[in-house]
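A short write-up of the structure that comes next.
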Amino acid sequence: MTTTITETYGVDPTPTPLALLLLGREADPNSERGVECPGDLPAASDPDLVARARAAKEALGERVFILGHHYQRDEVIEFADVTGDSFKLARDAAARPEAEYIVFCGVHFMAESADILTGDAQQVVLPDLAAGCSMADMATAEQVAECWDVLADAGIADVTVPVSYMNSSADIKAFTGKHGGTICTSSNARRALEWAFEQGQKVLFLPDQHLGRNTAVREMGLSLDDCVLYNPHKPGGGLTAEQLRNAKMILWRGHCSVHGRFSLDSVNDVRERVPGVTVLVHPECKHEVVAAADMVGSTEYIIKALDAAEPGSKWAIGTELNLVRRLAKAHPDKEIVFLDRAVCFCSTMNRIDLPHLVWALESLVEGRVPNVIRVDPETEKYAKAALDRMLALP
């Protein structure tokens, strides 16, 4: 007599969706949105991809404007009309009202910002809807609304000003606008915080704890004790009412999956490997990394610093690897290395590859507008109010 695995161990051997996902044989439909494109997605091995991209872009002419974020692959950047960080690209799109289609080679929150700032007749296309941002996803509208209730219960909501990083969803930007706050970039975070402290006594900084902490402590002279960390997964954020009342900076427990991986060991290790190296990191890195670095600045700051650097100088860069490689290639007279020994791309940004770009452009040529990113009017109204406050900063 034979027995089955189910009878012996009480386990059903039929593959579950989760098991197939872990084995790499299936995709999770709840997280892999947009990976399956309607129609045929060109194969990455197609030798004609570059020619097809050029032909489609040429056929569309001025009707299309392609934006390429600094962290994109070189194969995508090649077809970008402009490159830059998220806010610069959104503003560049707004400055091209004649373009019917804005193809944003970046991630979801960036495309939302472009839709908010561009005209109603323009359509923003994200070549792969699954190109999200783990940091932006760490703060949902429901969680932030609950946080505000916690602040109200502690008696401090009316003296707290929300400041949200550009790397946040349209919903979070709208919350910020509705509650009298502003948006910031990594370049103007200090100005945004100074403005916020002129409006109130405390700041709720969303969603990147490291940029908030580094700006407050390193640039504005606040202490680490002035900062508390709100964890949306714990009751009351894991904080007492007294802790909230004593704090000046209420930091959301969020971070960038790329910049958050750099460590103090990374800094110490590269200094041993490359004598005389200058360590330059992004302010989304952990506080101890920023404190140990020689220079700290936004993506645009990093690019300008290397452009101005002396030939023969040595640099270790703590930011996304696509950009570091591109900078090293652009400056062969300088030694430019990645801060960490491990390879670290922005995995969600890398979802936008040449096959997805070709598919999006050829769809537009055929009269189909794929993967349109559209922010609803109510959300757009308050999100734009927050963005306008940032634009009005001195």
Exercise for the section: Pick out the one residue from 297, 238 that is of a type outside the set (A, V, I, L, M, F, W, C), under 24 Å from residue 88 (Cβ atoms) and surrounded by fewer than 23 Cβ atoms within 10 Å (Cβ to Cβ). Expected result: 297
Handout entry: Residue satisfying all of: in the stretch 280-323; in a loop (DSSP other than H, G, I, E, B) and over 17 Å from the mean Cα position of the chain (by Cα); nearest to residue 229 (Cα to Cα) among these
Key = 293
Exercise for the section: Give the number of residues within the stretch 363-378 that are part of a helix (DSSP H, G or I) and surrounded by fewer than 21 Cβ atoms within 10 Å (Cβ to Cβ). Expected result: 4
Fill in the blank from the handout: Per the list (1) surrounded by 17 or more Cβ atoms within 10 Å (Cβ to Cβ); (2) at pLDDT below 95, residue check on residue 277 breaks on (2)
Completion exercise
Residue set 394, 355, 311; condition without any contact (Cβ under 8 Å) to a residue 40 or more places away in the chain and of a type outside the set (S, T, N, Q); output residue 311
Practice task
Could you figure out which of (1) under 20 Å from residue 150 (Cβ atoms); (2) open to solvent by 10 Å² or more (accessible area, probe 1.4 Å) isn't true of residue 221?
Solution key: (1)
Handout entry: Matching residues, the stretch 312-349, being open to solvent by 50 Å² or more (accessible area, probe 1.4 Å) and within 24 Å of residue 288 (Cβ to Cβ)
Key = 314, 341, 343, 345
Practice task
Being open to solvent by less than 40 Å² (accessible area, probe 1.4 Å) and assigned to a loop (DSSP other than H, G, I, E, B) is the filter; apply it to the stretch 61-79 and report the residue that is modelled with the highest pLDDT.
Solution key: 79
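Yes or no: residue 352 touching a Leu at 6+ places or on another chain (Cβ under 7 Å), closer than 20 Å to residue 123 by Cα and open to solvent by less than 30 Å² (accessible area, probe 1.4 Å)?
Considered against the rule, which asks whether it is touching a Leu at 6+ places or on another chain (Cβ under 7 Å), closer than 20 Å to residue 123 by Cα and open to solvent by less than 30 Å² (accessible area, probe 1.4 Å), residue 352 comes out as no.
Kindly indicate the residue of the stretch 41-60 that is without any contact (Cβ under 8 Å) to a residue 40 or more places away in the chain and more than 29 Å from the chain's Cα centre (by Cα) and also surrounded by the fewest Cβ atoms within 10 Å (Cβ to Cβ) among those meeting that condition.
Of everything passing the filter in the stretch 41-60, 47 is surrounded by the fewest Cβ atoms within 10 Å (Cβ to Cβ).
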Practice task
Determine whether the stretch 80-87 contains at least one residue that is open to solvent by 10 Å² or more (accessible area, probe 1.4 Å), closer than 24 Å to residue 171 by Cβ and among the aromatic types (Phe, Trp, Tyr).
Solution key: yes
Exercise for the section: Filter the stretch 314-336 for residues that are in contact (Cβ under 8 Å) with a residue 40 or more places away in the chain, in contact with a helix residue (DSSP H, G or I) (Cβ under 7 Å, 6 or more places away or on another chain) and under 17 Å from residue 267 (Cβ atoms) and give the result. Expected result: 316, 318, 319
Exercise for the section: Evaluate the stretch 386-393: report whether one residue or more is of a type in the set (A, V, I, L, M, F, W, C), under 21 Å from residue 266 (Cβ atoms), surrounded by fewer than 21 Cβ atoms within 10 Å (Cβ to Cβ) and in contact with a helix residue (DSSP H, G or I) (Cβ under 8 Å, 6 or more places away or on another chain). Expected result: no
Problem - Leading residue by the ranking (farthest from residue 379 (Cα to Cα)) among those in the stretch 87-104 that are modelled with pLDDT of 95 or more and in contact with a Phe, Trp or Tyr (Cβ under 8 Å, 6 or more places away or on another chain) - result: 99
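The values are calculated or read from the model by the stated rules, or taken from the named source; none is laboratory data. In this text, all values refer to a predicted model and were calculated from it rather than measured experimentally. All Cβ positions, glycine included, derive from the backbone under ideal geometry; neighbour counts span all protein chains shown. Quick note on the areas: whole protein, heavy atoms, side chains included, nothing else; ligands and nucleic acids left out. Shrake-Rupley method; radii C 1.70, N 1.55, O 1.52, S 1.80 Å.
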